[in-house]
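A short worksheet on the structure shown next.
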C-alpha cells in the first residue's frame, strides 16, 4: 500500500465539512483505496468487473450437499443468460459479469460472458485423498493471475469476486480450518442449506481432510490437498490484481477462504482487498478475522456468486466520491470548531 | 401494508434461482416494499428524494455542543452549493436533495434546493422549559405531511430522510428516552463529538427534560416539551408518505427519534419505513429496537444529513430488482433440490 497516498487521504478527510471520523468505515475505505491505487483522492471506480470462478468438486460424491452436481452447469448457463442474482445485482451497478470455468465437470461454451480455462474436469474427492495435483494447483493459480491481468488490461478499475460450484463450501471449510487453526466443527456450515445429519457428516469430512495436511505444508500443498479449482483461481486473481494495484472486493465464505490462501503467499495482496460482506456461514467470520478485514455489508446473505461483493460496490464508490468531491471547511467558510 | 402483495412476494422469492432465503435481508426488504407499495414485484425505485429537515435548538444556549449555532446555516448553504456529504452521496445514486427550513434561527433563501417553511426561529431551550407550543408542534407536523405530499405529487418513488441542526441530538435523546423508557444515561451520546464533561452535562439536561413530561402525555405534548422542529417535520413526513404508499428510508438517531414520534401516532406508518443504517449514537440502537426495524447499513456513521439513508438506497433498489428480474428455477430448467 502507498503510505503517502494514505496519509494524504487521512489528512483530507479531516478537513472535509463533517465532524472528524463521522463517516466511519467509509473514511477508512477511502484511505485504503488511496493506498491500493497509490492516488489521492482515488478515482471513483466506474468500470467494474465481477469475476465468478466456477468449478466442480469430487467431494459431492461423499454426500455433502443435497444439490446435484449438474446445478453448477445450470447456474453457469443462468449467468450466461443473465437470470441469476449476480446478473441482476451487477446490472444495478453497471458492472460486467465474467464467468471463468476453472474446472467444471461439464463442458461449456466460450463466449463474451464465459471464459473456458478448465484445468481439470472437477477435483478428486477430498474426503478420500488429495483434491488435485500440485501441478494442477499451480496451473489454476496461474490462470487466476492471468484473469486479473486480462481484466486490468481491459480497463477495469475494481474487481468483485464470486464463485459457483456445488460442494465448494466443504473445500472452503477445509481451507479456513487449516489457515485459522480453528476446529472443523466451528467452521463448517450449512452451505446452501443442509440438515443436521448431513452437517455432522460434512464436518467429519472436513476434520479428516484437514488432519491429512502435513506439518509445515506450503500454500500449494494445502490447495492441492483440500482446495478447489475456483479457490485457486480466486487466490491467483487476488495476487494478480494486487500487482496491478486494482482493488478486489471479496465476496463470502468461498472467496474469503481463497483469500486466506492468497494471504499465505502474500499478506500484502490481501491489503489490496476490501471485504464486501459477512455471510451467515460460520467460517466466514473466522476468515475475515484472520484476513483483518471488516465487511461493508452484513445482511445475512449466503448465496455466493459474488452477490455480497457486488452489493458493496456502491458503498466503495461512495467512499471514494466523498473524499474527492466534498467541500472543505475552508471552502464552506466554517470554523471547524473545538472538537474536530 | 398490503398482505396480498407481501404473500405474492414471499412466494416469488421461493422460486427464484437461489437457495431459499439465501439473500437474507434483501428478500425481507423486497417483501416489505411489496407491502408498502401494494404491488408485486414492486418497482425498482429510480426517482429518489432526500428530504433534509433543518432547524435550530434553544438548548444550544445550555452548552450541549462545542459547535456554534451558525453552523446550521453554514451547512444548509453547503447543501445548497452541493458540497456536503449528503450531496456527494445523493449524486452517486441520482437522488435529488430537498432541504426544508423548519425553523432555523437565520433566514435563508428559497430556491430549487431549499424550501423555507419556518415555523419559528429555533426552539426555546428545552433545558429550562417547553421547546415549543402545542400549536407550533402541530403546525410543524402538518408541514412535514405537506412535504410528503409534494414529493409524492412530484413522482418520487422513495424518500430518504435527513436532518441538520446543531444541538439536535439532545432533543433526539429526550424523545428516545421518553418513548423507549430507557434512562438518559443509556441513550445520550456524543453527537458530533463532545468530551466527557459535556456529555455528563448533556445527559443531566436530557434526564431533567424527560422528567417534566406529564404521565399520559400524548405525542404532541411530548414533541412540544422536548422535541425539535425538524423532528416534527420528519414525523409528519413519515405519516404523509405512508398515506401515499411511498417508502421512507430512515437515517440515524435524529430521524429515528422522529420515527418514534410518528409511531406514537400510527405504528402502521412506521411499517412503511425502512431503516437505512445504524449510527454509533447509543440511542439509535434503542430506537431501532422500539421501531422493530433492522438497519441495512452498519458502518459506524454518525454524520446525519441523511447520509446513512442515502447509502442504503442501492441496497433497496437491488432488493426490488432481484424480485423483479431474477430467473425462476423453471426458467433455468433447474430442479430446486430437496432443501428448497
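We did not get these values from a lab; they are worked out from the coordinates using the rules stated. Here the structure is a predicted model, which is why all the values come from computation and not from measurement. When we count neighbours, we look across all protein chains shown, and the Cβ atoms used for this are built from the backbone with ideal geometry, even at glycine.
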Just to be sure I understand: with springs between alpha-carbon atoms less than 10 Å apart, which residue in B:37, B:328, B:73 has the highest mean-square fluctuation in the Gaussian network model of chain B?
B:328
Can you list, shortest first in nanometers, how far residue A:216 lies from the same residue in the other copies, with each label 7 Å from Cα toward Cβ?
8.2
Rounded to the nearest 10, the angle in degrees between the Cα long axis of helix A:253-265 and the longest principal axis of the Cα atoms of chain A comes to 80
Mean-square fluctuation check for chain B, GNM, Cα pairs under 10 Å: which of B:90, B:266, B:172 is largest?
B:266
Among rounded, prolate and oblate, which fits segment A:3-139 when a ≥ b ≥ c are the square roots of the eigenvalues of its C-alpha gyration tensor, a/c under 1.5 means rounded, and a/b larger than b/c means prolate?
prolate
Remind me, relative contact order of segment B:81-179 in percent, using alpha carbon pairs under 8 angstrom and six or more residues apart?
16
May I ask what percent, to the nearest 5, of DSSP beta bridges between residues of the protein assembly as shown are antiparallel?
5
For residue B:154 and residue B:111, calculate 0.36 nm times their separation in residues minus their Cα-Cα distance, and state this gained length in nm to one decimal.
13.9 nm
Show that you can apply the helix-only estimate: for chain A, add -39,500 (n - 2.57) for every DSSP H stretch of four or more residues, divide by all residues, and state [θ] at 222 nm to the nearest 500.
-16000 deg cm²/dmol
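Which whole number gives the average, over all residues in B:78-85, of C-beta atoms from other chains lying within 10 Å of the residue C-beta?
For peptide B:78-85, the averaged partner shielding equals 5.
Per-residue mean of other chain beta-carbon atoms within 10 angstrom of the beta-carbon, peptide A:318-328?
5
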List the relative contact order of chain B as a percent without decimals, with contacts defined as Cα pairs under 8 Å and 6+ residues apart.
24
Segment B:48-313: antiparallel DSSP beta bridges as a percent of all, rounded to 5
0
Which residues does a label at residue B:200 reach in segment B:99-132, if reach means a backbone N under 16 Å from a point 7 Å past the Cα toward the Cβ?
none
Just to be sure I understand: with springs between alpha-carbon atoms less than 10 Å apart, which residue in B:193, B:283, B:162 has the highest mean-square fluctuation in the Gaussian network model of chain B?
B:193
If one computes the Cα centroid of segment A:94-113 and of segment B:233-298, what distance in Å separates the two points?
43
When Cβ neighbours within 10 Å are restricted to other protein chains, what is their mean count per residue of peptide B:272-282?
1
Separation of the residue A:335 and residue A:185 label points, Cα + 7 Å toward Cβ, nm
6.3
Taking segment A:248-301 and dividing mean pair separation by its residue count, relative contact order in percent (alpha carbons under 8 Å, at least six apart)
39
Rounded to the nearest Å, what's the spacing between the alpha carbon centres of segment B:1-72 and segment A:120-186? Just the number, please.
37
Measure nothing fancy, just the Cα-based angle from helix B:70-81's long axis to the longest principal axis of chain B, in degrees from 0 to 90, nearest 10.
40
Give or take rounding to whole Å, what are the principal axis extents of the alpha carbon atoms in segment A:48-314, in descending order?
43, 37, 36
Taking chain B as the reference, fit the longest principal axis to its C-alpha atoms, fit the long axis of helix B:196-212 to the helix C-alpha atoms, and give the angle between the two in degrees, 0 to 90, nearest 10.
90
Separation of the residue A:294 and residue A:43 label points, Cα + 7 Å toward Cβ, nm
2.8
Minimum Cβ-to-axis distance in chain B for the rotation onto chain A, with residue, whole Å
B:314, 2
Counted neighbours (other Cβ, 10 Å), sorted fewest up, put A:15, A:145 in the order A:15, A:145
What nm distances, shortest first, do you get from the label point of residue B:199 to those in the other copies when the point sits 7 angstrom along Cα to Cβ?
3.9
With one decimal in nm and the nearest listed first, the spacings from residue A:94 to its own position in the other copies, using label points 7 Å along Cα-to-Cβ, are 0.9
